[in-house]
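The structure under discussion appears below in the form of structure tokens.
The values are calculated or read from the model by the stated rules, or taken from the named source; none is laboratory data. Since this is a predicted model, take the numbers as computed values, not measurements. Ideal geometry is used to build each Cβ from the backbone, glycine not excepted, and the neighbour counts take in all protein chains shown.
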Ligand code: ADP
């Protein structure tokens, strides 16, 4: 890759000295390119359900005397509207944690509450596929952070585990302490992720299979949100996966010590 420099030359006093300022522009260009791609992606992702909705509206109009068709088309309209809502919700969350708004002040958060709220939020989707959500591991642990963001992150992981698993399987949510970190692992018995895709999985809008992801109602933003939430809490998120047998996503957060002072949550770059 080329490195690009902006060079400015200015004469300095009357002694024939010149000041040369060279500024590395590579990072600035990269950030601009990422932003342009993001806007293009967002526009595309918004256009898809909107296009589908207006087409469906036209079709429904033409099928007014066929109640069965009306029922079918309005079901699909509802589905597209839901997709649009989750996309907008994800975009709001992303912009919140990407410095669009001040980050919430960290508080002591009960991990049990986070786990139970996330599991409750996913239970309808799980029962629709007969998937058992199993909670295991430590109880009574606390972390510094924002409860709502942590629930959103864990929900995204559990939602994915459900979406990319066959019916009648198990999703295990396990909490344990490893060295000075609390690990929340979400393990599924799903389709897994091809090795070549693993390193891109946390990128915004990256999907292993766009068609399949759309069919499951995904936005491609879920894991980007998880990563930003983890990093803003001084933690991280990793993935282990084997195609055909399942995946484990592990969210790691710093353990709260007795003498701890909260570190401010950091907006992600
Ligand atoms: P999406 O809304 O498409 O699910 P995410 O950012 O949450 O977007 O995930 C990105 C992609 O990673 C998904 O499209 C899917 O291909 C893959 N993925 C995420 N979680 C899992 C999982 N538990 N099992 C298999 N594939 C997964």
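Within region 141-161, does at least one residue satisfy the condition of being at pLDDT 95 or above and out of contact with any helix residue (DSSP H, G or I) (no Cβ under 8 Å at 6 or more places or on another chain)? Within region 141-161, one or more residues are at pLDDT 95 or above and out of contact with any helix residue (DSSP H, G or I) (no Cβ under 8 Å at 6 or more places or on another chain). Residue check: is residue 143 assigned to a helix (DSSP H, G or I), more than 16 Å from the chain's Cα centre (by Cα) and farther than 17 Å from residue 224 by Cβ? Against the criterion (assigned to a helix (DSSP H, G or I), more than 16 Å from the chain's Cα centre (by Cα) and farther than 17 Å from residue 224 by Cβ), residue 143 does not qualify. Restricted to strands (runs of 3 or more DSSP E) entirely inside region 1-114, those with at least 2 residues that are in contact with a strand residue (DSSP E or B) (Cβ under 6 Å, 6 or more places away or on another chain) and under 30 Å from residue 141 (Cβ atoms) are 107-110. Would you check if there is a residue in region 180-196 being assigned to a helix (DSSP H, G or I), under 26 Å from residue 135 (Cα atoms) and free of Cβ contacts under 8 Å to residues at least 60 places away in the same chain? Looking for residues that are assigned to a helix (DSSP H, G or I), under 26 Å from residue 135 (Cα atoms) and free of Cβ contacts under 8 Å to residues at least 60 places away in the same chain, one finds none in region 180-196, hence no. Put simply, of 256, 175 the only residue that is surrounded by 19 or more Cβ atoms within 10 Å (Cβ to Cβ), more than 10 Å from the ligand (Cβ to nearest atom) and more than 22 Å from residue 93 (Cβ to Cβ) is 175.
Please work out if residue 57 is more than 24 Å from residue 88 (Cβ to Cβ) and free of Cβ contacts under 8 Å to residues at least 24 places away in the same chain. Spelling it out, it is not the case that residue 57 is more than 24 Å from residue 88 (Cβ to Cβ) and free of Cβ contacts under 8 Å to residues at least 24 places away in the same chain. Of all the numbered requirements in (1) within 18 Å of residue 159 (Cα to Cα); (2) more than 8 Å from the ligand (Cβ to nearest atom), residue 202 misses one, and that requirement is (2).
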